[in-house]
Structure formats: structure tokens, C-alpha cells
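Engineer: Got a structure here, written out as C-alpha cells. Questions coming.
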Amino acid sequence: MTTTKVRPLDHITVVSLEHAIAAPFCTRQLADLGARVIKVERPGAGDFARAYDQRARGESSHFVWVNRSKESLALDLKDPQDLAVLKQLIAKADVLVQNLAPGATGRMGLDAATLRSENPRLIVCDISGYGNDGPYRDKKAYDLLIQSEAGFLSITGTPEHPSKSGNSIADIAAGMYAYTNILSALIQRDKTGEGSHIDVSMLEALGEWMGFPMYYAMDDASPPPRNAAAHATIYPYGPFAAGDGGTVMLGLQNEREWVKFCDCVLEQPELVHDTRFDSNAKRNQNRNALQALILDVFAKLTTAEVMARLEAAPIANARMNTMADLWAHPQLKARHRWTTVDSPAGELPALLPPGQQTAFDYRMGAIPRVGEHTEAILKELGVTR
């Protein structure tokens with residue numbers, strides 16, 4: 001039976017010196033599980049991601065996405081009194097997350113070694129572009145730059161033009177590994193009584209996600225080619241135009257599906273024995289010829305008719321949806337994945353976190369205004385100013 005009263009991290013307090021996406025994405029997920037997340041922001045402007053745009057009914061799309069269920073504490077960390085408040089807060093916390101500029105926390109006496117000498121149970125998670133040591137330690141890093149350094153751009157796009165991902169994939173990767181490392185550290189602390197220092201590098205996080213193309217290009221072999229929305233090495237696997245102007249994504253994974261595709265979708269069973277196409281390697285090598293055959297058949301069909309044939313085969317397929325299509329996706333609606341969260345702009349729709357739970361309900365709290373909780377937190381600490 002689902003309960004809304006007990007969540008896995010209800011007993012955990014997280015202090016976060018965060019901006020942009022990587023750290024806020026990590027801490028929002030901790031908040032989803034019930035952690036109290038105190039987000040430290042600059043007085044006035046706050047997290048600079050608040051000013052990226054105003055597309056979410058006057059609020060920043062990036063900020064709305066990754067900052068629900070948090071408390072905002074406005075502190076000027078160049079002010080000794082405010083810095084003392086932060087240190088007092090961290091002394092009582094379970095976790096500190098930070099993705100400030102390289103070396104910034106050390107200059108303020110907030111490095112992991114100093115903090116953990118005072119509070120051995122504290123878990124400190126540093127998120128940076130390249131990690132806390134090595135020749136790139138002090139190099140500034142943003143999502144697109146890490147996409148470039150990690151080789152992601154070299155395999156993404158068209159043959160003529162490399163392309164970035166449409167979302168902040170390097171930030172997301174780093175945020176996910178910070179999140180899972182913190183969960184692991186909390187479990188470990190329950191066993192040992194000791195906290196830990198976690199050093200998450202955006203380069204290493206996205207590098208892990210580059211495993212397939214790295215191994216594909218092992219020992220100076222050629223890398224996967226850039227093929228726009230088509231798969232680089234499996235064919236047919238990608239977008240195909242239908243006769244009514246729509247686009248259908250489809251993917252074949254094995255020879256059994258190739259037989260079904262020829263028989264039920266193309267209605268040309270003789271193609272199964274065509275020596276140009278009788279293995280994935282050959283289909284990939286002769287993709288231009290096979291593409292022409294597929295498009296010739298699809299040109300006589302509507303998008304719905306193509307998808308009906310694919311479903312009957314059955315061959316994996318999908319529509320090339322827009323953002324409007326995603327907002328209205330019938331599967332998300334059928335599975336009740338939408339809820340609302342409060343914000344300075346009023347109630348906003350929000351997707352529940354992935355993974356339906358029977359043990360607890362995710363926390364889906366408000367998106368805070370800059371410094372909204374400063375007075376209450378200072379009072380809790382016994383600080384007057």
C-alpha cells in the first residue's frame with residue numbers, strides 16, 4: 001500500500017552550492033526521495049540558470065526542471081557572517097553538494113578534507129568538468145564543451161556537420177552519477193558510520209556513456225560514422241518518410257525481424273534471399289540501395305498505414321514526436337505520470353520521476369523564489385541579523 005508519510009531520504013539534509021544543471025539535477029532527485037535540500041543562492045539574482053529564459057510561464061525552463069522541492073537560502077559567501085552561517089549549516093548536514101568554479105570551495109575553507117575533519121559523517125560531493133586533479137583540473141567546463149572533449153560531437157550529427165545533443169547530456173550524466181554515488185555513500189555510512197568524499201567529473205560521466213563508440217573504434221579503428229537520426233551500424237534503423245509527409249522511425253535488430261520486414265512490411269519476401277541484404281553487415285554496407293527500396297514502398301502509404309504494417313509484423317517503430325506531442329503523449333497520460341508543482345508563476349505541470357513506487361510517493365514540492373526560506377533557516381540556526 002502506498003504511503004505518503006515515509007520516504008527513503010526523509011531523515012537526510014543536503015546543503016548544495018549549486019548552479020546550472022549538473023548539481024541541481026542531482027539534488028532534485030535526492031529531494032524527490034524526501035531529502036531536505038537547502039539550495040544556497042546569491043542574494044538577488046540567485047542561481048544564474050534562473051535567467052536562462054522565461055519560457056515556463058515567466059520562469060526559466062532549466063530552473064523549473066531541476067529545482068522543485070528545495071529551500072532557497074540567500075547568502076553572500078564573500079561576507080564573513082554569511083560564510084559563518086553556511087559553515088554552521090553544513091556542520092549539521094548529511095551531504096554537501098557543490099559545482100562551483102574549480103578551487104572556489106577550498107578558498108572558503110569548505111573543501112572536503114577540512115569539512116570532514118570536523119564532521120566525519122559528512123558526505124561531500126564535488127561535481128566539476130574534469131575532476132579534482134590532473135592537468136585539466138582548473139579548466140572551466142560547460143555542457144557543450146564536455147560533449148566536445150568526450151568525443152560525443154564527433155559521432156553525432158550528419159556526415160557534414162557534427163551536432164550537439166538537444167538536451168544537456170553531459171550535465172545530466174554528471175548529475176546522475178553524483179546522485180547514485182551519494183545514495184551509495186549513504187548506504188555505506190550506515191554500515192561504517194563514516195561519510196566520504198565523492199569527486200564526479202563531467203568528462204568521466206559522459207565518457208562512460210561513450211562506451212560503445214569507444215570500443216567500436218578500439219585500436220585506431222574507424223569510429224561510427226555520423227548518420228543523422230539513422231543508426232550508425234545497424235540497418236534499417238532510423239527515420240523513413242511516408243507518402244503523406246510523415247516520418248516513421250523503425251528498427252531491426254536481427255535476421256528473424258528482417259524476414260518479417262520483407263514479408264509483412266515491404267511485401268517483397270524475395271528480398272530475404274537478396275545477397276546484398278542477407279546480413280546486417282551487408283544491409284549496412286548497401287544501405288543506399290535498401291533505403292531506395294523502402295522509400296519506394298512507403299511512398300505509396302500513409303504514416304498510419306506504414307505503422308500498421310510494422311505493428312502487424314511486429315517490427316519496433318515510433319513516431320517522430322515534437323515537444324507538443326510529448327506533452328500530450330497518450331502513454332504518459334494513461335500511466336498517470338503527470339502532476340503539478342507550485343512555483344513563483346503558480347502551478348506548473350511536472351512529470352513524476354521515472355519508476356513507479358509502491359513503497360512511497362515521490363516528493364513533488366514547490367520551486368522556490370530566491371531566498372524564500374532564508375529567514376526561516378536563520379531562525380532555525382539561532383542567527384539574527
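The values are calculated or read from the model by the stated rules, or taken from the named source; none is laboratory data. Values in this document were obtained by computation on a predicted structure and should not be read as measured data. Counting neighbours? That spans all protein chains shown, and the Cβs are built from the backbone with ideal geometry, glycine included.
Engineer: Pick from the stretch 299-357 the residues that are within 30 Å of GLU372 (Cα to Cα) and among the small types (Gly, Ala, Ser): which of them is surrounded by the fewest Cβ atoms within 10 Å (Cβ to Cβ)?
Structural biologist: Only one residue fits best here, namely GLY346.
Engineer: Which one is nearest to HIS11 (Cα to Cα), of the residues in the stretch 181-214 that are surrounded by 15 or more Cβ atoms within 10 Å (Cβ to Cβ) and among the β-branched types (Val, Ile, Thr)?
Structural biologist: Checked the stretch 181-214; the qualifying residue nearest to HIS11 (Cα to Cα) is ILE182.
For every residue, the table says whether it meets (1) over 22 Å from VAL37 (Cα atoms); (2) surrounded by 15 or more Cβ atoms within 10 Å (Cβ to Cβ); (3) touching a Lys or Arg at 6+ places or on another chain (Cβ under 7 Å).
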| residue | (1), (2), (3) |
| --- | --- |
| GLU149 | yes, yes, no |
| LEU153 | yes, yes, yes |
| ILE172 | no, yes, no |
| GLY175 | no, yes, no |
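Engineer: I've got another one for you. Only one of (1) touching a strand residue (DSSP E or B) at 6+ places or on another chain (Cβ under 8 Å); (2) farther than 30 Å from VAL85 by Cα is not met by MET364, so which one is it?
Structural biologist: Result: MET364 passes all but (2).
Engineer: Tally up the residues in the stretch 227-238 that are more than 11 Å from ILE294 (Cβ to Cβ) and either modelled with pLDDT of 95 or more or among the β-branched types (Val, Ile, Thr) (or both), please.
Structural biologist: Counting residues in the stretch 227-238 that are more than 11 Å from ILE294 (Cβ to Cβ) and either modelled with pLDDT of 95 or more or among the β-branched types (Val, Ile, Thr) (or both) gives 3.
Engineer: Take the residues in the stretch 20-51 that are part of a loop (DSSP other than H, G, I, E, B), modelled with pLDDT of 95 or more and not small (Gly, Ala, Ser), then tell me which one is surrounded by the fewest Cβ atoms within 10 Å (Cβ to Cβ).
Structural biologist: PRO43
Engineer: Looking at ALA217, ALA228, ALA241, which one is more than 25 Å from the chain's Cα centre (by Cα), in contact (Cβ under 8 Å) with a residue 24 or more places away in the chain and surrounded by fewer than 18 Cβ atoms within 10 Å (Cβ to Cβ)?
Structural biologist: Residue meeting the stated conditions: ALA241.
Engineer: Continuing with this model, one more query. Is it the case that the stretch 250-265 has a residue that's in contact (Cβ under 8 Å) with a residue 40 or more places away in the chain and part of a loop (DSSP other than H, G, I, E, B)?
Structural biologist: For the stretch 250-265, residues in contact (Cβ under 8 Å) with a residue 40 or more places away in the chain and part of a loop (DSSP other than H, G, I, E, B): present.
Engineer: A further question on this structure: Restricting the first residue to the stretch 334-351 and requiring it to be touching a residue at least 60 places away in the same chain (Cβ under 8 Å), which pairs with a second residue that is of a type in the set (Asp, Glu) and exposed (fewer than 14 other Cβ atoms within 10 Å of the Cβ) meet a Cβ separation below 8 Å and a spacing of at least six or different chains?
Structural biologist: Matching pairs, first to second residue: VAL341/GLU347.
Engineer: Run down THR384, THR322 and say which single residue is β-branched (Val, Ile, Thr), touching a helix residue (DSSP H, G or I) at 6+ places or on another chain (Cβ under 9 Å) and either free of Cβ contacts under 8 Å to residues at least 12 places away in the same chain or at positive phi (or both).
Structural biologist: THR384
Engineer: Moving on to the next point. From the list LEU271, LEU310, pick out the single residue that is free of Cβ contacts under 8 Å to residues at least 40 places away in the same chain, in a helix (DSSP H, G or I) and not small (Gly, Ala, Ser).
Structural biologist: The conditions single out LEU271.
Engineer: Moving on. Need the failing condition index for ASN67 against (1) buried (at least 21 other Cβ atoms within 10 Å of the Cβ); (2) over 30 Å from GLY346 (Cα atoms); (3) of a type in the set (S, T, N, Q), just the number.
Structural biologist: Looking at each condition in turn, ASN67 falls short on (2).
Engineer: Spot the failing condition for ARG319; the list is (1) among the basic types (Lys, Arg); (2) in contact with a Leu (Cβ under 9 Å, 6 or more places away or on another chain); (3) closer than 23 Å to TYR235 by Cβ, and only one is missed.
Structural biologist: (2) is the only condition that ARG319 fails.
Engineer: Of the residues in the stretch 107-124, how many are of a type in the set (A, V, I, L, M, F, W, C) and farther than 22 Å from ASP82 by Cβ?
Structural biologist: 2
Engineer: Tell me, yes or no, whether the stretch 348-358 has at least one residue that is outside the structural domain of PHE48 (by TED's automatic domain parsing) and farther than 28 Å from GLY166 by Cβ.
Structural biologist: The answer is no, given that none of the residues of the stretch 348-358 is outside the structural domain of PHE48 (by TED's automatic domain parsing) and farther than 28 Å from GLY166 by Cβ.
Engineer: Among the residues of the stretch 283-290, is any crowded, with 18+ Cβ neighbours inside 10 Å, under 26 Å from THR322 (Cβ atoms) and within 34 Å of the chain's Cα centre (by Cα)?
Structural biologist: Within the stretch 283-290, not a single residue is crowded, with 18+ Cβ neighbours inside 10 Å, under 26 Å from THR322 (Cβ atoms) and within 34 Å of the chain's Cα centre (by Cα).
Engineer: Going by the conditions given, is LYS87 without any contact (Cβ under 8 Å) to a residue 24 or more places away in the chain, assigned to a helix (DSSP H, G or I), out of contact with any strand residue (DSSP E or B) (no Cβ under 6 Å at 6 or more places or on another chain) and surrounded by fewer than 20 Cβ atoms within 10 Å (Cβ to Cβ)?
Structural biologist: Taking the combined requirement at face value, the residue satisfies it.
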